[in-house]
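The numbers here are math on the coordinates, done by the rules we state, and not lab data. Quick caveat: nothing in here was measured; it's all calculated off a predicted structure. Positions of Cβ are generated from backbone atoms using ideal geometry, with glycine treated the same way; all protein chains shown enter the neighbour counts.
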Amino acid sequence: MADADTTVAELKCAMARFVAERRWEQYHTPKNLAVSLVLEAAELLEHFQWRTDEEANRYVQQPEALQEIADELADVLSYVLSMANALNIDLSTAFENKLRKNEARYPADQWRGRAH
């Protein structure tokens with residue numbers, strides 16, 4: 001699977017199949033999935049905790065570190081996909097709607113190069 005040729009629907013189906021094969025649907029409640037998603041995001045954050053921006057930039061150049069970060073991102077994505085499946089949310093539509101809201105809230109001509 002590669003980003004260039006894998007759809008969100010295919011990822012959601014793969015995740016649903018993984019969960020179903022283990023009969024984990026009973027545990028995949030919105031609350032449990034939200035908690036798990038935050039915990040996995042925190043594990044991702046641990047890779048950068050206490051590092052300056054410069055140190056973090058050097059750290060991500062290490063193949064082993066990058067693989068560990070990729071694993072954490074995959075864990076986060078797994079829970080995002082599972083939550084979308086559990087709540088029957090079309091992620092592409094949700095993303096597009098949120099992007100439009102953000103475009104209206106942060107017009108490019110007013111926010112270009114600004115973080116605050």
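Here are the numbers for this structure:
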quantity	calculated
Pair list, Cβ < 7 Å and 6+ apart or interchain, from region 71-92 residues that are touching a residue at least 40 places away in the same chain (Cβ under 8 Å) to residues that are buried (at least 18 other Cβ atoms within 10 Å of the Cβ) and of a type in the set (S, T, N, Q)	79/36
Hits in region 25-53 - residues which are under 11 Å from residue 80 (Cα atoms) and acidic (Asp, Glu)	40
In region 21-48, the residues that are out of contact with any helix residue (DSSP H, G or I) (no Cβ under 9 Å at 6 or more places or on another chain), polar (S, T, N, Q) and assigned to a loop (DSSP other than H, G, I, E, B)	none
Residues of region 63-85 satisfying the condition of being aliphatic (A, V, I, L, M) and out of contact with any helix residue (DSSP H, G or I) (no Cβ under 6 Å at 6 or more places or on another chain)	66, 69, 70, 73, 74, 77, 80
Failed item, numbered, when residue 51 is tested on (1) in a helix (DSSP H, G or I); (2) in contact with a Phe, Trp or Tyr (Cβ under 7 Å, 6 or more places away or on another chain)	(1)
